[in-house]
Structure formats: C-alpha cells, structure tokens
Amino acid sequence: MKRAVIVICDSLRRDLITPEDAPFLTELGNRSAQFANHSGVFPSTTRTSAASIATGCLPARHGLLGNTMAIDEGDGLVCLSVGKPDFRDRLHRATGRTLHMPTMAERVARAGGTAIAFSNVSPGAAYFLDPDGYGWVYNAAGSFGPGRRPLPAEEGLAVGKGEAGDNAVTERFCAEVLRDRAPALAVLWLSEPDYTGHHTPLGSPEHRRAIAAADANVRRVAETAAGLDPGGEEILFVVGSDHGMETVAETIDLDRLLVDAGLKRAPGSSDVVVAPNGTAALLYFTEPESARVAEVARFLETQSWIGRVFTGAGLAETGLPLGSSARVAITMKADDRANPYGVPGHSHIVRDSLEPKDVTGFGQHGGLGANEQRPFLFVSGGGFAPGARRIRSSLVDIAPTVLHHLGLAAARLDGRPLPRFPAA
C-alpha cells in the first residue's frame with residue numbers, strides 16, 4: 001500500500017499565510033496543488049472538522065454536530081463538551097455508536113494497512129479521528145492502540161498545547177511514525193495557531209509567532225517525507241487547516257434571552273437546549289415536533305446579532321441532519337471590520353456555560369463567516385501537479401483523495417477525489 005501524510009495547522013486562515021510569518025508554507029503552496037476555493041464544514045469547529053476529515057462526510061452523515069452536543073443519557077437532553085476525554089464513551093453508551101460513517105483509519109485497517117494519528121488538540125477532536133480503535137491515536141489526555149487498548153503513560157503524548165508541545169509532537173511524529181513505523185496513513189494535528197488565537201488577538205505578535213511555529217513544524221514533516229520518498233510518487237502529502245477565525249465582538253447569552261422571552265423554562269432546563277459552538281449554535285428540543293421550534297426560530301430571526309437561522313430543509317443545505325432533536329441552527333452575524341492588528345473579520349459568539357470566560361477581542365470560529373470558512377489546502381506528491389485549482393473543495397474531499405491514492409474504495413462519501421492536474 002502507498003502512504004499518505006496529513007498535517008493540520010488548526011485554525012490557520014488562508015489569508016494569514018504570508019512570506020513573513022509562514023515562509024515555508026508560502027513556498028510549499030507555490031510548488032503544490034493549491035486549492036484556492038477551499039472551505040470548511042458547519043459548524044466550523046475543530047471536533048466536527050476532525051470527523052469530516054476522517055470520514056469524508058458532512059455532519060449530517062457522520063453525526064458529530066459541534067464542539068458541544070446535546071444527548072439524552074436517560075434523564076433528558078443535556079449539553080456536553082465533545083472535547084472531554086469521556087465524551088466518546090458517553091456518546092456510545094447513550095446512542096450505541098460513535099460516528100455513523102467509517103473513518104479512513106477503519107478503511108485502511110480493513111485493507112490490511114495501519115493508521116496512526118498524533119493530535120495535540122482536545123481529546124474529543126483527537127479521538128474522533130478514529131473513535132472505534134482501528135489504528136493508533138495519541139493525545140495528551142490518553143493514547144490508544146487497536147481495539148481502543150489504552151497505551152501505557154510512557155508511550156503517550158505527555159505534552160501541552162502550544163508551540164513547545166507541537167514541537168515535541170512533531171519531532172516524535174517524524175522519527176517514530178514516518179521513519180520507523182511507516183504506516184499507510186499518518187496524521188499530525190497541531191494545536192497552533194488555534195491555541196494562541198483563542199487567547200490573544202489575531203495578528204498580534206503572539207499570534208504571528210504561533211503561525212511561524214506551525215510553519216516550522218510543517219517544514220520538518222515535509223522534509224522528512226521528501227527524504228523518504230525523493231520522487232514524490234509513493235507518499236501523498238496533504239497540508240491544510242480545519243477552519244479560520246473571526247475576532248470576537250460580543251458574547252450573547254442565548255439561554256437567558258430564550259428564558260426572558262418565555263421560550264425556555266429555565267437556564268438549565270432540557271425543554272430547549274442550546275449547544276454553543278463559538279460563532280454558531282444548535283438548538284435541541286425535547287419535543288422536536290412541537291410549535292415551540294417555529295416560535296424559537298421566529299424569535300431568533302428578529303435579533304440583530306444573527307447572521308442566519310436554519311430550520312427544516314435549511315439544515316440539510318448546511319450539511320446538518322434532518323429528523324434529529326437539533327431543529328434550529330444559527331450562525332452569528334459577521335462583518336469585515338479590522339482588529340487593532342489589521343486582521344479583518346468580527347463576529348459575535350454564543351455564551352458557553354461550560355467555559356464561561358471573556359474572550360472579547362480574541363479569535364473564535366464555529367459559524368459561516370467568510371474568515372472562519374477560509375481554511376487552506378495544499379497537496380503534493382502522489383502525481384499531483386503544482387498549480388492553483390479554482391474548483392470548490394471542502395474538508396470532505398480530503399478522505400476520498402487519500403483513499404484514492406492508497407488504492408482503496410471511497411464509496412458512500414460526500415466528498416470526491418481532488419484533481420491531480422489544473423483545469424486546462
């Protein structure tokens with residue numbers, strides 16, 4: 001089996017890849033297939049994006065609907081953080097399954113190959129790259145081998161998020177995974193510049209250093225892959241991001257507004273459950289066929305901070321499922337105002353009671369704002385000719401492209417293999 005290497009620079013906006021802050025990515029983009037009309041999924045959160053990259057499917061098909069989700073564990077709907085180490089197990093106990101579609105790791109394993117993922121982001125985002133244990137997943141919160149066998153602590157990733165942790169993970173990924181173990185599929189998910197972008201203004205010196213750190217780590221992986229496959233025929237090298245970021249303008253307490261409007265019993269009640277996802281939110285209903293759904297949607301449409309409200313068929317248009325208890329989705333209004341460092345794009349966010357902190361002026365994502373829907377994607381090796389591709393592409397196209405390179409079937413996916421040559 002041939003090999004594929006995927007590197008994700010979490011939250012790196014396409015327009016923030018510059019010769020000053022990301023010299024290697026700038027150069028790599030010029031000698032790779034560069035997908036200029038690349039977009040994320042909705043909600044544009046890391047955990048949803050991880051599942052979409054892993055499966056090649058939209059959230060409606062794979063079932064992971066955000067960084068937070070409401071599930072019923074027997075006592076009514078409750079909003080949970082998908083990022084927690086135990087969410088995967090809680091979801092499986094409540095629903096009998098994890099993702100609804102097979103991952104690349106599963107498809108590779110069933111063909112006799114090996115998949116290994118090193119992820120320095122939240123446990124949830126890491127585990128949903130391979131939630132059913134067909135390969136190896138490494139994360140600081142706990143690492144697992146095939147069959148979800150817990151690995152000893154000394155074999156795990158004892159690192160923190162940020163530049164130092166990413167550096168350590170990248171060094172081990174290059175030496176252990178790429179050189180020594182040589183799996184058919186190797187995934188490296190860096191925490192930067194997302195980690196810094198959530199704690200500092202976009203374009204600030206700290207944020208620019210985080211971009212430069214991610215750039216340096218991509219260089220390390222690219223040079224390792226090139227040394228293993230000088231002709232670029234065997235290893236498909238995929239580098240991208242999962243989404244971009246907007247600057248937070250204001251935090252909206254949607255739970256309290258619904259209570260004050262008489263549309264929800266109390267902030268913690270399960271009749272209407274708000275699952276905040278940064279600049280987006282999904283609203284779950286205990287009685288999804290009731291008139292309350294339309295009442296809530298009409299109320300939201302009157303709010304000045306709303307970008308769009310999706311219900312009914314509108315959910316399917318955004319890649320969300322029909323027929324679940326999540327009956328309303330919103331994306332917050334975004335604008336092109338620049339922040340103090342000249343980076344365009346502001347948006348309101350929905351207050352998250354699970355992480356109630358003031359992030360005004362820092363980066364956030366989750367919705368359909370132009371800047372958060374601006375990830376990048378470069379593909380090289382495996383017969384991909386350099387040059388810009390103007391066709392629309394998405395995160396869901398990564399899996400079928402990788403599977404096609406590995407010679408594996410890519411049936412029942414929402415994405416399609418990306419073109420190896422520019423349009424004539």
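Just to check your reading of the model, which residue among Ala33, Ala117, Ala70 is crowded, with 22+ Cβ neighbours inside 10 Å, under 21 Å from Val274 (Cβ atoms) and more than 13 Å from the chain's Cα centre (by Cα)?
Numbers: Ala33 fails: under 21 Å from Val274 (Cβ atoms); Ala117 fails: under 21 Å from Val274 (Cβ atoms).
The unique qualifying residue is Ala70.
Leu406 - would you say it is modelled with pLDDT of 95 or more and under 17 Å from Leu58 (Cβ atoms)? The answer is no for Leu406. For the range 103-112, the set of residues classified as in a loop (DSSP other than H, G, I, E, B) and either crowded, with 22+ Cβ neighbours inside 10 Å or modelled with pLDDT under 95 (or both) consists of Thr103 only.
Restricted to the range 124-162, and to residues there that are crowded, with 22+ Cβ neighbours inside 10 Å and in a helix (DSSP H, G or I), the residue that is farthest from the chain's Cα centre (by Cα) is Tyr127. Working only within the range 214-234, note down all residues that are closer than 17 Å to Gly382 by Cβ and open to solvent by less than 80 Å² (accessible area, probe 1.4 Å). Across the range 214-234, the qualifying residues are Val221, Ala222, Thr224, Ala225, Ala226, Gly227, Leu228, Asp229, Gly231, Gly232. Here Gly244 meets each of (1) touching a His at 6+ places or on another chain (Cβ under 9 Å); (2) in a helix (DSSP H, G or I); (3) under 29 Å from Gly381 (Cα atoms) with one exception, condition (2). Scanning the range 186-200 for residues that are open to solvent by 10 Å² or more (accessible area, probe 1.4 Å) and hydrophobic (A, V, I, L, M, F, W, C) returns a single hit, Val187.
Checked against the criterion of being assigned to a strand (DSSP E or B) and at pLDDT 95 or above, the candidates Ala50, Ala36, Ala54 yield just one match: Ala36. The lone criterion from (1) over 30 Å from Asp358 (Cα atoms); (2) at pLDDT below 95 left unmet by Ala175 is number (2).
Here's a check for you: in the range 270-305, which residue that is part of a loop (DSSP other than H, G, I, E, B) and hydroxyl-bearing (Ser, Thr, Tyr) is surrounded by the fewest Cβ atoms within 10 Å (Cβ to Cβ)? Reasoning before the result, please.
First pass over the range 270-305, keeping only residues part of a loop (DSSP other than H, G, I, E, B): 270-271, 277-279, 286-291, 302-305.
Applying the additional criterion that residues be hydroxyl-bearing (Ser, Thr, Tyr) yields 270, 279, 286, 290, 302, 304.
On the way: Ser270: 18, Thr279: 31, Thr286: 16, Ser290: 12, Thr302: 9, Ser304: 6.
Filtering the range 270-305 for residues that are part of a loop (DSSP other than H, G, I, E, B) and hydroxyl-bearing (Ser, Thr, Tyr), the one surrounded by the fewest Cβ atoms within 10 Å (Cβ to Cβ) comes out as Ser304.
The criterion of at least 2 residues that are closer than 18 Å to Ala280 by Cβ and of a type in the set (A, V, I, L, M, F, W, C) is met, among strands (runs of 3 or more DSSP E) falling completely within the range 306-424, by 306-311, 326-332, 344-350.
The values are calculated or read from the model by the stated rules, or taken from the named source; none is laboratory data. What you see is a predicted model; the values in this text were computed from it and never measured. Heads up, the Cβs are rebuilt from the backbone with ideal geometry, glycines too, and the neighbour counts pull from every protein chain shown. Surface accessibility is based on the protein's heavy atoms, side chains included, excluding ligands, DNA and RNA. Shrake-Rupley method; radii C 1.70, N 1.55, O 1.52, S 1.80 Å.
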